[in-house]
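Enquirer: I have a structure I would like to understand better, so I am pasting it below and will then ask my questions one at a time.
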Amino acid sequence: MIMSKRSVIPFGPQHPVLPEPIHLDLVLEDEKIIEAIPSIGYVHRRLEKLIDKRDFKDYLYVIERLCGICSFMHGMGYCEAVERVFDTEIPDRAKYLRMIWCEMSRIHSHLLWLGLLADAFGFDALFMQCWRMREKVLDMFEASTGGRVIFSVNTIGGVRKDMSKDMLKGFVNEFNSMEKEIRRLTDVFLHDYSVETRLRGLGILTKEDALRFGAVGPMMRASSIAQDTRKTGYLAYNDIDFDIITSDECDGYARCFVRINEIFQSINIIRQAVEKIPDGQISVPIKGNPDGEAFVRLEQPRGEAIYYVKGNGTKFLDRVRVRTPTFTNLTSLINILPGSELADVGLQILTIDPCVSCTER
Amino acid sequence: MSKMKKSPWIMHYDGASCNGCDIEVLACLTPLYDVERFGVINTGNPKHADILLITGGINTQCESVVKQIYSQMAEPKVVVAVGICACNGGVFKDCYNIKGGVDTTIPVDVYVPGCAARPESIIDGVVKAVDILEEKYENMKKKGGKAH
Ligand code: SF4
């Protein structure tokens with residue numbers, strides 16, 4: 001019998017399927033991976049340390065740039081934490097507005113991911129179509145906040161911009177028509193023969209492993225753990241009726257399935273929110289400097305994120321800390337890679353929906 | 001721009017960015033902005049690329065990677081710094097791990113400002129880069145095929 005040959009193949013940081021730099025040393029036995037050793041730090045900036053040089057109001061603009069995909073949620077998480085230190089309740093209208101923007105972020109993030117996934121398995125037309133749909137969400141963002149990627153629409157104590165009735169109604173109409181188109185697209189992901197063969201059985205993460213490695217977000221829900229931080233009822237999620245999407249197949253296909261159905265849930269949430277949004281103010285003034293500490297959990301497109309702030313009564317905070325979903329999901333990734341083939345690595349990495357820039361900060 | 005003289009192949013590398021500009025670079029390739037109509041193709045191989053788009057500042061870890069990619073590209077080559085971070089460090093300028101903009105490591109030909117840089121301005125930057133590429137090519141011919 002011929003002995004199988006061992007080799008180490010570097011993967012990344014610059015690689016066509018990776019939108020962001022991460023490096024893996026893959027130990028292979030012929031084509032099979034037996035170990036994956038990550039090395040990170042290509043996007044490390046030390047954003048948290050910048051709190052020494054920016055006061056707590058300015059820092060909002062820094063923390064938004066933690067990651068360009070969830071920039072709204074990062075800004076919001078930080079604001080919520082500081083608001084908690086101040087012990088202020090933001091107006092109900094602001095809560096609803098934040099919720100609508102959050103769900104829009106989730107839709108655009110999941111569409112972005114679907115596009116990248118299609119690109120990774122070589123279905124270019126599908127990639128283009130997903131991103132075409134995503135542009136519509138970005139147009140709505142631009143109409144309501146003024147930005148496509150970085151919005152700066154949060155402020156400590158509420159939000160800075162209101163949406164008119166007509167605008168909200170227009171958004172719902174737009175989403176209604178988008179829903180049909182997205183359904184057509186996602187049917188390809190779920191029912192196309194070639195897509196299914198690429199995704200089924202890819203990177204299996206059992207329920208026990210998901211718990212052991214602390215998977216979060218769609219990664220965890222695809223391993224049949226029904227947990228969603230939105231159900232803790234921050235913002236106005238308690239008034240909204242939505243389901244936690246889970247799947248018990250635990251593979252790449254399941255993760256795709258969960259994210260696709262979350263898009264429709266998000267559209268549903270926006271519809272309900274527009275119906276229920278109360279009139280009133282959009283922000284309350286904040287006086288003084290933060291003193292004390294607080295932490296906030298919220299559900300990002302990639303899973304649960306935690307924000308911690310500690311103030312000392314001056315305008316400079318002592319500490320800001322963020323734990324991002326990709327950081328926890330990386331452990332799962334390292335553990336699902338062994339056993340798969342080299343050609344599947346790109347796809348495997350994508351199924352966790354990595355966001356390197358917020359992980360490394 | 002009257003007409004594109006060349007179909008430039010671009011390569012994109014993400015330095016220490018917030019990936020806001022990255023997704024805008026990718027958005028340029030997709031149906032709304034569609035740079036492929038100018039003959040622009042995104043490639044993953046530095047040896048194939050004429051134009052290098054870099055987003056984000058330079059940190060100690062990615063410095064060598066950027067240098068390596070740049071040195072692997074064939075002459076003539078043009079570097080476009082996309083986003084204010086890539087131009088001079090931007091919001092992250094004061095972070096201890098950020099050296100500054102891309103020009104602290106490799107020569108930059110076109111600066112595209114904005115945080116995040118809008119797809120329109122990125123396309124504009126690429127169009128400018130094509131002119132510079134052409135110029136460099138002419139100079140090379142004059143010198144008998146040598147870059148310097
Ligand atoms: S310029 Fe702004 S949006 Fe672009 S990478 Fe830098 S921080 Fe992000």
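The values are calculated or read from the model by the stated rules, or taken from the named source; none is laboratory data. Just so we're clear, the structure is a prediction, and the values are computed from it rather than from any experiment. When we count neighbours, we look across all protein chains shown, and the Cβ atoms used for this are built from the backbone with ideal geometry, even at glycine. To get the accessible areas, we keep the full protein, side chains included, count just its heavy atoms, and leave off ligands, DNA and RNA. Shrake-Rupley method; radii C 1.70, N 1.55, O 1.52, S 1.80 Å.
Enquirer: Determine which single condition A:Ser105 fails, assuming it passes every other condition in (1) on the phi > 0 side of the Ramachandran plot; (2) in contact with a Cys (Cβ under 7 Å, 6 or more places away or on another chain).
Expert: Only one criterion is unmet by A:Ser105, namely (1).
Enquirer: For the stretch A:39-66, name all the residues that are part of a loop (DSSP other than H, G, I, E, B), open to solvent by less than 20 Å² (accessible area, probe 1.4 Å) and more than 8 Å from chain B (Cβ to nearest Cβ).
Expert: A:Phe56 - this is the single residue of the stretch A:39-66 that is part of a loop (DSSP other than H, G, I, E, B), open to solvent by less than 20 Å² (accessible area, probe 1.4 Å) and more than 8 Å from chain B (Cβ to nearest Cβ).
Enquirer: Considering every residue within the stretch A:135-154, establish whether at least one is within 19 Å of the chain's Cα centre (by Cα) and polar (S, T, N, Q).
Expert: Yes; the residues of the stretch A:135-154 include at least one that is within 19 Å of the chain's Cα centre (by Cα) and polar (S, T, N, Q).
Enquirer: Can I ask one more? Can you pull out the residues in the stretch B:28-84 that are in contact with a strand residue (DSSP E or B) (Cβ under 8 Å, 6 or more places away or on another chain) and small (Gly, Ala, Ser)?
Expert: Matches in the stretch B:28-84: B:Gly44, B:Ala49, B:Gly56, B:Gly57, B:Ala81, B:Gly83.
Enquirer: Taking the conditions exactly as written (open to solvent by 10 Å² or more (accessible area, probe 1.4 Å), away from the ligand (no atom under 16 Å from the Cβ) and touching a residue at least 40 places away in the same chain (Cβ under 8 Å)), does B:Val65 satisfy them or not? Lay out the reasoning, then the answer.
Expert: On the way: open to solvent by 10 Å² or more (accessible area, probe 1.4 Å): yes; away from the ligand (no atom under 16 Å from the Cβ): yes; touching a residue at least 40 places away in the same chain (Cβ under 8 Å): yes.
Criteria met by B:Val65.
Enquirer: A further question on this structure: Considering only residues that are more than 14 Å from chain B (Cβ to nearest Cβ), among the hydrophobic types (A, V, I, L, M, F, W, C) and either open to solvent by 10 Å² or more (accessible area, probe 1.4 Å) or not in a helix (DSSP H, G or I) (or both), which ones fall in the stretch A:67-105?
Expert: Selection gives A:Val85, A:Phe86, A:Ile90.
Enquirer: Being more than 9 Å from the ligand (Cβ to nearest atom) and either in a strand (DSSP E or B) or in contact with a Phe, Trp or Tyr (Cβ under 9 Å, 6 or more places away or on another chain) (or both) is the filter here; which residues of the stretch B:9-28 pass it?
Expert: The answer is B:Trp9, B:Ile10, B:Met11, B:His12, B:Tyr13, B:Leu26, B:Ala27.
Enquirer: Which condition breaks for B:His48 when tested against (1) at pLDDT 85 or above; (2) within 12 Å of the ligand (Cβ to nearest atom); (3) of a type outside the set (A, V, I, L, M); (4) open to solvent by 10 Å² or more (accessible area, probe 1.4 Å)?
Expert: (2)
Enquirer: Let me ask another. Looking only at the stretch B:74-99, which residues are more than 9 Å from chain A (Cβ to nearest Cβ) and open to solvent by less than 10 Å² (accessible area, probe 1.4 Å)?
Expert: Taking the stretch B:74-99 as the starting set, the residues that turn out to be more than 9 Å from chain A (Cβ to nearest Cβ) are B:74-84, B:86-89, B:93, B:99.
Correct list: B:Val78, B:Val79, B:Val80, B:Ala81, B:Val82, B:Gly83, B:Ala86, B:Gly89.
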